[in-house]
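Below is one structure; the comments refer to it alone.
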Amino acid sequence: MSSIPEWAQQISHGVRIDWGAAGAQAIGPGSAALVVIDVLSFTTAVSVAVEAGTQVLPYPSRERSAVDFAAAHAAELAVGRRAVSAEQPWSLSPAALRRAPAPARLVLPSPNGSAISAAAHGIPVIAACLRNAAAVAAWIVGQGWGTAERPVSVIAAGEHWPGRDVLRPAVEDYLGAGAVITALAERGAGPLSPEALAAKACYDGCGDIAGLIGDCASGRELRSQGFADDVAVAVEVGGSESVPVLVDGAFGDAG
C-alpha cells in the first residue's frame, strides 16, 4: 500500500509476519501468498472442515447479511457456539464441526481470521494453525514461494478486546505463526525477517504448547464458557495434512 512506509513492509525478506487486518494490508501486497493464523478458532475450524470435504466461505460478521450471503452461495451458515442445535449443528467450534455432518459448503463468520481472509484480494490465502503448520509450509515451498522474490506473509489474526474495536495480540496466534515460520525455515524458505525470526524463536523455545495455550487468555475464555474441547482440538500439533487455500471465495483442501 502506498500509505505504508517501506521500512514497515519487511521488504527483501522471504518470510514475514504481522498482526491483524492492518498487518495484512501492510505486508500482504506484493506477497506470493498470505497465511492467516487464527488458532482459537477460525483457522483450526477451517482445517477440520476441509478435512471432511467441506468448502468454507469466510465472512466477516454474523449480521443478517451473513444469512443472505449463505443463501446466495448455496451454503449452510455456521451459528454461534451456544446456538448449535440439531437443525444447525455447525459453528466456529472445531469440536462441534468434527461431530456434525459435513455440508458441501459452509459460511464461517468471524471478526478476526475470517474477516482478514475475506478482505484479501489478488493474493492466494492459506488458513494455517498448529494442526497443519507443517503441511502448509511444505505446500508453500512446493509452490516455489517463501523467497525474497516470492515472499510469504504470515498474519497472526489476534483478538479484539471485549466491547472495543482494538486488537488484542493473542499468544496462541503468535505461536501458530511461529510454527508455520519454523516449518518454512526447516524447508529452506527465507530469509526470515527479524520479526519472523522472533516468532520462530518464541515457538521453538516455548516447550509445553498445549499447556500454555490452554492457560492463556483465549484458552481460559473458551474453557470458562464450556468449550475446553475446542482448545484440545486446536493443540493437536501436526495432526492434520490439510492445506486450506482460498479459491473463488472458498477454502478447499489443496494438500
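The values are calculated or read from the model by the stated rules, or taken from the named source; none is laboratory data. Please read all numbers here as calculations on a predicted model, not as lab measurements. Glycine gets a Cβ as well: all are built from the backbone with ideal geometry, and neighbour counts include every protein chain shown.
Is it the case that region 200-207 has a residue that's closer than 19 Å to ALA33 by Cα, out of contact with any Lys or Arg (no Cβ under 8 Å at 6 or more places or on another chain) and in a helix (DSSP H, G or I)? Among the residues of region 200-207, at least one is closer than 19 Å to ALA33 by Cα, out of contact with any Lys or Arg (no Cβ under 8 Å at 6 or more places or on another chain) and in a helix (DSSP H, G or I), which makes the answer yes.
The numbered conditions (1) within 24 Å of VAL141 (Cβ to Cβ); (2) modelled with pLDDT of 95 or more are all true for GLY30 except (2). Whenever a residue of region 90-118 is assigned to a helix (DSSP H, G or I), its partners that are among the polar types (S, T, N, Q), lying with C-beta atoms within less than 6 angstrom and at least six residues away or across chains, give the pairs PRO94/SER41; PRO94/THR44; GLY113/THR43. Residues that are under 13 Å from VAL107 (Cβ atoms) and not polar (S, T, N, Q) within region 51-63 comprise VAL56, LEU57, PRO58, TYR59, PRO60, ARG62, GLU63, listed in sequence order. Among the residues of region 172-188, those identified as among the aliphatic types (A, V, I, L, M) and surrounded by fewer than 24 Cβ atoms within 10 Å (Cβ to Cβ) are ALA183, ALA185.
Which one is surrounded by the fewest Cβ atoms within 10 Å (Cβ to Cβ) among residues in region 1-44 that are of a type in the set (D, E, K, R) and within 20 Å of GLU149 (Cα to Cα)?
Initial filter on region 1-44 (of a type in the set (D, E, K, R)): 6, 16, 18, 38.
Restricting the remaining residues to those that are within 20 Å of GLU149 (Cα to Cα) gives 6, 16, 18.
Working: GLU6: 7, ARG16: 26, ASP18: 22.
Within region 1-44, the match that is surrounded by the fewest Cβ atoms within 10 Å (Cβ to Cβ) is GLU6.
Being among the hydrophobic types (A, V, I, L, M, F, W, C) and within 14 Å of the chain's Cα centre (by Cα) is the filter; apply it to region 153-171 and report the residue that is nearest to SER61 (Cα to Cα).
To start, the set of residues in region 153-171 that are among the hydrophobic types (A, V, I, L, M, F, W, C) comprises 154-157, 161, 166-167, 170-171.
Still in the running and within 14 Å of the chain's Cα centre (by Cα): 154-157, 170-171.
Numbers: VAL154: 22, ILE155: 19, ALA156: 19, ALA157: 15, ALA170: 20, VAL171: 23 Å.
My answer is ALA157.
For ARG168, the criteria (1) free of Cβ contacts under 8 Å to residues at least 60 places away in the same chain; (2) out of contact with any His (no Cβ under 8 Å at 6 or more places or on another chain) hold in every case but one, which is (2). Scanning region 2-19 for residues that are within 23 Å of VAL171 (Cα to Cα), in contact with a helix residue (DSSP H, G or I) (Cβ under 7 Å, 6 or more places away or on another chain) and not polar (S, T, N, Q) returns ALA8, VAL15, ARG16, ILE17, ASP18.
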